[in-house]
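Heads up, the thing below is written out as structure tokens.
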Number of protein chains: 4
Amino acid sequence: MIKLLITGGTIDKCYNELNGELHFPNTHLPEMLQQTRCRLEIQAETLMLKDSLEMTEADRIKIQQACIASNEQQLVITHGTDTMVKTAEYLAHQPLNKTIVLVGAMLPYKIGGSDALFNLGCAFTAVQLLPQGIYITMNGKIFDWDKVRKDTEMGVFK
Amino acid sequence: MIKLLITGGTIDKCYNELNGELHFPNTHLPEMLQQTRCRLEIQAETLMLKDSLEMTEADRIKIQQACIASNEQQLVITHGTDTMVKTAEYLAHQPLNKTIVLVGAMLPYKIGGSDALFNLGCAFTAVQLLPQGIYITMNGKIFDWDKVRKDTEMGVFK
Amino acid sequence: MIKLLITGGTIDKCYNELNGELHFPNTHLPEMLQQTRCRLEIQAETLMLKDSLEMTEADRIKIQQACIASNEQQLVITHGTDTMVKTAEYLAHQPLNKTIVLVGAMLPYKIGGSDALFNLGCAFTAVQLLPQGIYITMNGKIFDWDKVRKDTEMGVFK
Amino acid sequence: MIKLLITGGTIDKCYNELNGELHFPNTHLPEMLQQTRCRLEIQAETLMLKDSLEMTEADRIKIQQACIASNEQQLVITHGTDTMVKTAEYLAHQPLNKTIVLVGAMLPYKIGGSDALFNLGCAFTAVQLLPQGIYITMNGKIFDWDKVRKDTEMGVFK
């Protein structure tokens, strides 16, 4: 059983046709998982739906507590890319003894040409194969949380 | 560097609007990889573009030879799902000392709601993390080649 | 009120992931109309779901009878492109005193890059503006039924 | 020959993955027209790429001048929905003796589930069939410019 913690981020953004802005009316993860024909046992929980630039310390504590409380040893966290590394660092402060993979997307799932499903495939595979620790999967790569940063000019993780 | 061997299968099928049938005018893997924003170094080679029900022994020998000839230790093979296990078995006859992951899709990349990109994410992550051997990634799961079969009634790998 | 008669054709085809063939499990017209945000009053009726190459004379009689029986003066018929002109000719034998527009698609709605919604927009607009008669809308053009043929080599109506 | 004047609006918005906002790097109309398999002769001209809430009087004068200067008698204008009616009114001040159809979308073409192509189908058909005047096509309906308003709470034209 894998725990999926949903926190928002670009992957879950969609277009609000009443005001022309992007928003988070609800998570699209169940729809995404259905599309993938994924047969893993996944326990999903929506902690918040936020742009990661707007995440507060209270939000990160909430994520950390959810990781601690989880009975599952394997956790995937969907997260905005801008502060994904910061949250990973936050989680690393606590000895969690679990495999935790943070993942997001550069383009919302709901927008044509999105990287969302590919990234989810990376995260759900990595979480099954990696030893305990905190990781980020983006751009097809698997990073230790403390050896990666987002290059915001290029829009890629290095 | 990861070697990508392309052999066809549902993942690469598209609609021929002149006769209303599905065909393989060319591979969509480069387009898929671009969409994923994948930054892995990938060496792609198209061996054939076939429905896997039409693969001959000569085709499987060609795939085997390409695996042997590859300088890369990590190989992903896109393949039709119907005989994916058979090709995996074929590759297992030869001691290859490489990590080989076979992957396909239930729905073509070009069709809305496809599982293609998710499956690619699984395969490219698995090939980076697994020891030598021959594997299949479908439905979010990672299988040893000799412990899986396609349930053609359900359309899932078990 | 506009009557929508659904007969199948490429516009409604989708991929059967169990056998890799295209089929018609049910019509996608309600889903298409929802996507278009169309606010016309439309009365939809599925007469059949067939590739138009497989339509029989009995099928064309059924379409004709549905046109005669319709209380609405404006009818849109979704139809396979291969014999769309033949059905139009069939309908022209009977003095119907209605505006009837036949429309289809070169690429199924369910396949990325489809012309289905554009064509529907053409048909539903044409049926509101044209006088009594039988018409075909494809490729952005409006044709009198007896001045058009499908160029099957080019895949366009002329 | 139909003149297509492009001014921006939701129909042409896309997601900027570097900053997570919607922007207008360039028009998608050529891509849209290719997808529709439209065989009309269309002369496209991009006047501006703007959210219609940001349009100035200078912008509307520019649109008006382009309508006057056009040799074509049939014009389609892509436009943001929020001030589409205002621009239509502006055009009506001048006796243009042309058929002009304004059209936009509630959801960008680049976002899954968009109404863009349907609306374009409506506009290109209406412009061929309507007498001189200024019209708006949205939600499958054809409106005289002075008998319509956007219901911003419902997101529909009435």
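Here are a few things to note about the model shown:
- Test item: Cα-centred dipole of the protein assembly as shown, Lys/Arg +1 and Asp/Glu -1 on Cβ, debye: 0
- Nearest-ten-degree value, helix D:57-69 long axis tilted from longest Cα axis of chain D: 50
- Put simply, the amide H of C:A44, placed in the peptide plane, has neighbours under 5 Å in C:L4, leaving out anything fewer than 5 places away on its chain.
- Cα coordinate range in the protein assembly as shown, projected on the principal axes (Å, largest first): 73, 57, 39
- Environment charge of D:A58, counting only residues whose C-beta is closer than 15 Å and scoring Lys/Arg +1, Asp/Glu -1: +1
- Helix-only mean residue ellipticity at 222 nm for chain C, each DSSP H run of n ≥ 4 adding -39500 (n - 2.57), per residue, nearest 500: -8500 deg cm²/dmol
- Largest GNM mean-square fluctuation across B:L18, B:L91, B:L120, computed for chain B with C-alpha springs under 10 Å, falls on B:L18.
- Rounded, prolate or oblate (a/c below 1.5 giving rounded, otherwise prolate when a/b exceeds b/c) for segment A:82-121 by Cα gyration tensor: oblate
- Gyration tensor (alpha-carbon) shape descriptor, segment A:1-71, a/c threshold 1.5: oblate
- B versus A: buried accessible surface, summed, Å² (probe 1.4 Å, to nearest 100): 2500
- In this view, the solvent-accessible surface of B:T152, computed with a 1.4 Å probe and all protein chains in place, comes to about 80 Å².
- Between segment D:16-32 and segment C:1-73, the Cα center-to-center distance that results, in Å: 34
- Net charge of Cβ neighbours under 11 Å - reference C:G8; Lys, Arg +1; Asp, Glu -1: -2
- Alpha-carbon spread of chain B, three principal axes, descending order, Å: 45, 34, 28
- Between D:V103, D:V148, D:V127, the GNM of chain D built on Cα springs shorter than 10 angstrom shows D:V148 fluctuating the most.
- Global form of segment C:95-158, assessed from the alpha-carbon gyration tensor, a/c cut-off 1.5: oblate
- Expressed as a whole percent, the accessible area of segment C:1-102 that falls on carbon and sulfur atoms is 44 (1.4 Å probe).
- Comparing A:G80, A:G133, A:G113 in a Gaussian network model of chain A, where Cα atoms under 10 Å apart are tied by springs, the biggest mean-square fluctuation is seen for A:G113.
- 10 Å Cβ shell holding at most 13 others, DSSP loop, GluC sites (Glu not before Pro): longest site-free stretch of chain A: A:42-152
- Residue-count net charge about C:G133 - beta-carbon cut-off 9 Å; Lys, Arg +1, Asp, Glu -1: 0
- Shielding by partners for peptide C:73-86, expressed as the average number of C-beta atoms from other protein chains within 10 Å of each residue's C-beta, is 0.
- Note that the protein assembly as shown presents 39 Å² accessible area per residue, ligands and nucleic acids not counted, probe 1.4 Å.
The values are calculated or read from the model by the stated rules, or taken from the named source; none is laboratory data. Everything numeric in this text was worked out from a predicted model, so none of it was measured. Neighbour counts run over all protein chains shown; Cβ positions are idealised from the backbone, glycine included. These accessible areas exclude ligands, DNA and RNA; they are computed on the full protein's heavy atoms, side chains included. Shrake-Rupley method; radii C 1.70, N 1.55, O 1.52, S 1.80 Å.
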